[in-house]
Amino acid sequence: MSMYEWVETILFFVVLLALVKPLGTFMAKVYQGEATFLSPVFVPCENLLYRISGVNKDEEMDWKRYAWAMVLFNLVLFAALFVMLMMQHLLPLNPQKFPAFTWQLALNTAVSFVTNTNWQAYSGETAASYFTQMVGLAVHNFVSAATGMAIVIALIRGFVRRKTSSLGNFWVDMTRGTLYILLPLSLIGAILLVSQGVIQNFNAYKTVPLVQSETYDKPKLDDKGNPLKDAKGNPVTESATAKEVTIPMGPVASQEVIKELGTNGGGFFNANSAHPFENPTPLSHYLEILLILLIPGALTYTFGIMVGNTRQGWALLGVMLLLLIASFAVLQGVEADGNPLLAKLGVQGANMEGKEIRYSLAGTNLFEVATTGTSCGAVAAMHDSLTPIGGMMPLSLILLGEIVFGGVGSGLYTMLAFAVIAVFVSGLMIGRTPEYLGKKIEVREMWMSIITILTAGIVVLILSGVAMINTQATASMANPGAHGLSEVLYAIASMANNNGSAFAGLNANVDFYNVYGSLAMILGRYIPAVAVLAMAGSLAGKKYVPPSLGTLPTDKVPFALWLTLVILIIGALTFFPALALGPIVEHLQMIQ
Amino acid sequence: MKEIRPAILMLILFTVICGGIYPAVVTGIAQAVFPKQANGSFITGKSGKELGSTLIGQPFSDPKYFWPRPSAATDFGYNPMGSGGSNSGPTNPDFIKTVKDRVKTLRDTGVTGAIPADLVLASASGLDPQISPESAMLQVARVAKARGVSEDMLVKAVAQATEGRQIGFLGEPRVNVLSLNLSLDGLK
C-alpha cells in the first residue's frame with residue numbers, strides 16, 4: 001500500500017468509529033421513544049401515520065404477533081412490487097418505454113427487494129423505468145432495512161426485559177427506523193453525492209455525438225428479434241457504426257444513498273457503484289463505504305446502551321472490525337500482486353481487470369469487503385475478475401452469514417446468535433450454566449441460534465449441489481473450470497444470505513436462478529428472522545440472573561477472541577470443501 | 001387479521017413518503033444547488049453544443065487520439081446503455097488471449113517496456129473516463145507522430161488534463177481521455 005492508501009484507509013476507520021457513538025446513542029433514543037432533536041418535526045408526522053393506518057403505538061406485541069406483523073407486511077410489499085413490475089409498461093415515468101418484466105424475473109426481483117437482497121437479474125438502464133426504480137424499488141430499500149432493524153431491536157428487548165411476553169410494536173419500530181434514521185441520513189447523503197457528480201433528474205436519456213465514430217460487429221436478429229446462428233452454431237454478425245451514443249439519466253442519487261445506507265445494494269445501472277454516474281469521485285466512493293458500514297456499526301452501540309453496558313457493544317464491534325480488516329488485508333495483498341499470467345505478457349501492476357482508475361486499489365478493496373461483510377451487495381469492482389484468493393474474500397464474508405457489520409439489523413441479530421452459541425460452548429467447557437446478558441441460555445435459545453446461523457449454509461450447499469447437475473444452471477457459467485463453480489457458489493450464497501452481489505459473468509436471468517434463487521432468498525431471510533423473534537420471546541419471559549463469580553464476562557477481549565474463533569470454525573467446517581474446489585484449485589492452477 | 005390494515009396502509013403511506021416526497025425533495029435541492037452535476041456533468045463545446053459527459057468515457061482507436069482503457073460494455077466499447085465489466089476470470093484462456101492481443105496492438109505502435117495494467121485491462125463500468133498518467137505518457141510519442149506536433153506540447157496537454165488526488169490524498173491521479181482529446185481537436 002502506498003502512503004496515500006494508508007492515510008485514506010486509516011482516516012476512514014477513524015471517521016467511522018467517531019460516528020458510532022453519536023449515531024448509536026441517537027438510535028437508542030429513537031427506539032426507546034425518547035425525545036430527540038428531530039422530535040418536534042417528526043412526532044406529529046409519526047402520529048398522523050399511526051392514526052391513518054390504525055396503529056395504537058402504546059400497544060405491545062408478543063413475539064408471535066410481532067413476527068406475524070413483519071411477515072404480513074413483507075407479503076403485502078412483495079405483492080405490490082410484483083404487480084408493479086408485471087404492469088411496468090402501463091405505468092407513468094417510463095420515457096424509454098420499457099416493457100413489463102416476465103413473471104419469473106418479476107418474482108425474483110420482487111423477492112429480492114423485499115428480502116433486502118437486491119440481487120439483480122435485470123440491467124437497470126435497459127429494463128427498469130424511473131417509476132419502477134423510484135416508487136417501487138426505492139421504497140423497498142427503506143422498509144426492508146427498517147424491518148431488519150426492528151427485528152434486532154425486538155431481540156435486544158428480549159435480553160433486557162424480564163418476565164414479560166411483550167417485545168414492542170412492529171409498526172412503531174418500523175416507522176421510527178424509517179422516519180428518524182433512514183430518511184434524514186439519506187437526505188444528507190444524497191445531496192453530498194450529487195455535489196460529487198451523481199445525477200438526480202427526470203430527463204429523458206440524452207444523445208451525444210461521438211468524437212470518433214465506432215465500428216463494431218452487431219449480432220444479426222431474425223424477424224422475431226432472436227439472434228441468428230450459422231450452421232456451426234456461432235452467432236451471425238453484421239458490421240455497424242455508432243456515430244452517437246445514448247447516455248441514461250434518472251433520479252440516481254436518491255436511490256444510491258439508501259441502497260448503501262440500508263445495505264440493499266441494488267444499483268440504478270448495471271455496473272452498480274462502479275458506474276461513474278453512481279460513484280464519480282474518490283470522495284463519493286469513501287462516502288458510500290461509510291454509508292454501508294454506518295448503521296450496522298452504530299447499532300452495536302445502540303445495543304450496548306439498551307442492555308446497560310456499552311462495552312458489550314464494543315466487544316461485538318471489535319469482532320466485526322477484526323474480521324473486516326483481516327479479509328481486507330488478504331484481498332489487498334493478492335490484488336496488488338496482480339495476475340502472474342498477465343505479468344508474463346509484460347503487463348505491470350495490480351489486477352486492474354474490472355476495476356476503475358479513480359478509486360485507489362485500497363479504496364476499491366475496502367468497498368468489496370464492506371459490501372459483502374454487510375448484506376449490501378453493491379459493487380465498485382467486478383468480483384468475478386478478482387484473483388482467485390481475492391475473490392474468495394468477498395465469498396467467505398458472505399458465507400460467514402454476513403455478520404462482519406452485517407445487514408442493517410440482520411447483521412447484529414445473527415452476530416448475537418453466534419454470541420449465544422459461543423457462550424454456550426464455553427459454558428460447557430467450564431461446567432457452568434451458560435448465561436448471556438443476565439439471561440440463562442437454554443435449549444430453546446440454542447435451537448433458535450442454530451437455526452439462525454445454519455439456515456443459509458444448508459440452503460447454499462444443497463442448492464449449489466442441485467445446480468451442478470442442472471444443465472441450465474451450469475450453462476450459465478461465463479468462465480470455464482473451477483472459476484465456473486465459484487460463480488455458481490457465489491450466486492447462491494449471495495441470494496441465500498441476502499447479499500445481492502455477484503460473480504456477474506454468470507447469466508442469472510434463467511428460470512433456474514430466478515425461481516430457486518427466489519426460494520433461497522425467502523428461506524435465508526425469514527427463517528432466521530422468525531427464529532430470532534422466537535428467541536427474543538423466550539428470553540423476555542425469563543428472570544434476570546445477576547452475574548456471579550462463575551459468570552463468563554462477555555464484554556472483555558478474551559470473549560471477543562473466543563467469539564471470533566467460534567465464527568471461523570463454524571464457517572470453515574461448513575464451507576471449506578466447497579471453497580477448496582472453487583477458488584483454491586483455481587489459485588493453484590494460476591501459480592503453476 | 002388485525003394487522004392487515006396497517007400492512008396495506010403503511011405500504012401506501014411509505015410509498016408516498018419514500019418514493020414520492022423524498023426523491024422530489026432531493027431533486028429540488030440538487031437542481032437548485034448543483035444543477036451541472038445533477039444533470040450529468042456535460043461538457044459544452046465552443047459551438048454551444050453538448051459534446052459528452054466528463055464522467056462517461058468514449059471509444060478512441062485512431063492513432064491521433066489518446067486511447068482509453070479497453071471497455072467490455074455490451075454491443076460496443078463505451079456504450080453508455082450497456083455498462084458493465086468483462087467478468088472474465090483471471091485464468092480464463094480467452095481472457096489471457098484478449099489481453100495478449102491488446103498488448104500486441106500497443107507494441108505495434110512502438111511501445112517498449114512494461115505496460116501499465118489499466119491500459120490493457122477492461123474497467124468495471126465499461127465507461128471509465130480516465131486512464132493513469134503513466135498510460136497517457138506511454139501514448140505521447142504515437143499521438144505526436146500522428147498529429148505532427150511536438151511531444152512537449154502533448155506532455156503539457158496531458159499534465160493539464162490530469163486530476164490529482166482529491167483533497168490531496170484520496171484516490172489516484174488520473175487523466176480524463178475525452179477532455180484531453182477534445183482539447184487536442186480544439187473543440188473545448
Within the range B:78-95, is even one residue modelled with pLDDT of 95 or more, out of contact with any Cys (no Cβ under 7 Å at 6 or more places or on another chain) and of a type in the set (A, V, I, L, M)?
no
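What tally of residues in the range A:470-509 results from selecting those that are part of a helix (DSSP H, G or I), of a type outside the set (Ser, Thr, Tyr) and over 19 Å from B:Phe95 (Cα atoms)?
As a first pass, look at the range A:470-509 and keep what is part of a helix (DSSP H, G or I): A:471-475, A:482-496.
Filter once more, so that each one left must be of a type outside the set (Ser, Thr, Tyr): A:472-473, A:475, A:482-485, A:487-489, A:491-493, A:495-496.
Retained after the next criterion (residues that are over 19 Å from B:Phe95 (Cα atoms)): A:472-473, A:488-489, A:491-493, A:495-496.
The qualifying residues number 9.
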Restricting the range A:235-292 to residues that are acidic (Asp, Glu) and assigned to a helix (DSSP H, G or I), which is nearest to A:Ile398 (Cα to Cα)?
A:Glu260
Could you give every pair whose Cβ atoms fall below 8 Å, whose first residue belongs to the range B:19-47 and is facing chain A (nearest Cβ under 7 Å) and over 25 Å from A:Ile181 (Cα atoms), and whose second residue is surrounded by 15 or more Cβ atoms within 10 Å (Cβ to Cβ) and of a type in the set (Lys, Arg), counting only separations of at least 6 or pairs across chains?
B:Gly40/A:Lys206
Only one of these conditions is not met by A:Phe512: (1) part of a loop (DSSP other than H, G, I, E, B); (2) over 20 Å from the mean Cα position of the chain (by Cα). Which number is it?
(1)
Starting from the range A:540-553, keep only residues that are modelled with pLDDT under 90, then list their pairs with residues that are of a type in the set (Asp, Glu) and surrounded by 12 or more Cβ atoms within 10 Å (Cβ to Cβ) whose Cβ atoms are within a distance under 8 Å, requiring at least 6 positions of separation or different chains.
A:Pro547/A:Glu435; A:Thr551/A:Glu435; A:Leu552/A:Glu435
Are any residues in the range B:55-85 within 7 Å of another protein chain (Cβ to nearest Cβ), buried (at least 20 other Cβ atoms within 10 Å of the Cβ), more than 20 Å from B:Leu106 (Cα to Cα) and touching a helix residue (DSSP H, G or I) at 6+ places or on another chain (Cβ under 7 Å), and if so, which ones?
B:Ile56, B:Ser83, B:Gly85
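Would you call A:Asn141 of a type in the set (S, T, N, Q), more than 7 Å from chain B (Cβ to nearest Cβ), under 22 Å from the mean Cα position of the chain (by Cα) and farther than 28 Å from B:Phe42 by Cα? First the steps, then the outcome.
On the way: of a type in the set (S, T, N, Q): yes; more than 7 Å from chain B (Cβ to nearest Cβ): yes; under 22 Å from the mean Cα position of the chain (by Cα): yes; farther than 28 Å from B:Phe42 by Cα: yes.
The answer is yes for A:Asn141.
Select from the range A:62-73 the residues that are surrounded by 23 or more Cβ atoms within 10 Å (Cβ to Cβ) and of a type outside the set (Phe, Trp, Tyr) and list them in ascending order.
Initially, the range A:62-73 is screened for residues surrounded by 23 or more Cβ atoms within 10 Å (Cβ to Cβ), giving A:63, A:66-67, A:69-70, A:73.
Matches in the range A:62-73: A:Ala67, A:Ala69, A:Met70.
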For the range A:539-548, check the following and say yes or no: at least one residue is part of a helix (DSSP H, G or I) and within 27 Å of A:Gly407 (Cβ to Cβ).
yes
Taking the range A:246-276 as the region of interest, how many residues are within 16 Å of the chain's Cα centre (by Cα) and under 17 Å from A:Phe367 (Cα atoms)?
14
Return the total of residues in the range A:5-30 being over 16 Å from A:Leu287 (Cα atoms) and touching a Ser or Thr at 6+ places or on another chain (Cβ under 7 Å).
6
Quick one: A:Gln200 ticks every box in (1) facing chain B (nearest Cβ under 7 Å); (2) within 21 Å of the chain's Cα centre (by Cα) bar one, so which box is it?
(2)
Considering the range B:148-180 alone, what residues qualify as being surrounded by 17 or more Cβ atoms within 10 Å (Cβ to Cβ) and away from chain A (no Cβ under 14 Å)?
B:Leu154, B:Ala157, B:Val158
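Being touching a strand residue (DSSP E or B) at 6+ places or on another chain (Cβ under 7 Å) and charged (D, E, K, R) narrows it down to one residue among A:Arg358, A:Arg444; which is it?
Details: A:Arg444 fails: touching a strand residue (DSSP E or B) at 6+ places or on another chain (Cβ under 7 Å).
A:Arg358 is the lone residue from the list that is touching a strand residue (DSSP E or B) at 6+ places or on another chain (Cβ under 7 Å) and charged (D, E, K, R).
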May I ask you to list pairs of residues, at least six apart or on different chains, whose Cβ atoms are under 9 Å apart, with the first in the range A:50-65 being facing chain B (nearest Cβ under 9 Å) and among the aromatic types (Phe, Trp, Tyr) and the second being assigned to a helix (DSSP H, G or I) and crowded, with 20+ Cβ neighbours inside 10 Å?
A:Tyr50/A:Trp171; A:Tyr50/A:Val172; A:Tyr50/A:Thr175; A:Tyr50/B:Pro6
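For A:Gly390, state whether it is touching a His at 6+ places or on another chain (Cβ under 6 Å), small (Gly, Ala, Ser) and either closer than 22 Å to B:Ser83 by Cβ or buried (at least 24 other Cβ atoms within 10 Å of the Cβ) (or both).
Working: touching a His at 6+ places or on another chain (Cβ under 6 Å): no; small (Gly, Ala, Ser): yes; either closer than 22 Å to B:Ser83 by Cβ or buried (at least 24 other Cβ atoms within 10 Å of the Cβ) (or both): yes.
No: the conditions fail for A:Gly390.
Looking at A:Met446, is it closer than 28 Å to A:Leu386 by Cα and either surrounded by fewer than 24 Cβ atoms within 10 Å (Cβ to Cβ) or without any contact (Cβ under 8 Å) to a residue 60 or more places away in the chain (or both)?
For A:Met446, the condition - closer than 28 Å to A:Leu386 by Cα and either surrounded by fewer than 24 Cβ atoms within 10 Å (Cβ to Cβ) or without any contact (Cβ under 8 Å) to a residue 60 or more places away in the chain (or both) - is not met.
When the range B:109-133 is examined, which residues are found to be more than 7 Å from every other protein chain (Cβ to nearest Cβ) and modelled with pLDDT of 95 or more?
Taking the range B:109-133 first, the residues more than 7 Å from every other protein chain (Cβ to nearest Cβ) are B:109-113, B:119, B:133.
Once the filter is applied, which keeps residues that are more than 7 Å from every other protein chain (Cβ to nearest Cβ) and modelled with pLDDT of 95 or more, the range B:109-133 yields B:Leu119, B:Pro133.
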Tell me the residue from A:Lys218, A:Lys243, A:Lys229 that is more than 7 Å from chain B (Cβ to nearest Cβ) and either of a type in the set (A, V, I, L, M) or surrounded by 12 or more Cβ atoms within 10 Å (Cβ to Cβ) (or both), please.
A:Lys229
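Of the residues B:Lys145, B:Lys104, only one is in a helix (DSSP H, G or I), more than 8 Å from chain A (Cβ to nearest Cβ) and either in contact with a helix residue (DSSP H, G or I) (Cβ under 8 Å, 6 or more places away or on another chain) or farther than 19 Å from A:Gly349 by Cβ (or both); which?
B:Lys145
Can we say A:Phe576 is without any contact (Cβ under 8 Å) to a residue 12 or more places away in the chain and of a type in the set (Phe, Trp, Tyr)?
Values: without any contact (Cβ under 8 Å) to a residue 12 or more places away in the chain: yes; of a type in the set (Phe, Trp, Tyr): yes.
Here the answer is yes, as A:Phe576 does meet what is asked.
The values are calculated or read from the model by the stated rules, or taken from the named source; none is laboratory data. Computed from a predicted model, the values in this text were never measured in an experiment. When we count neighbours, we look across all protein chains shown, and the Cβ atoms used for this are built from the backbone with ideal geometry, even at glycine.
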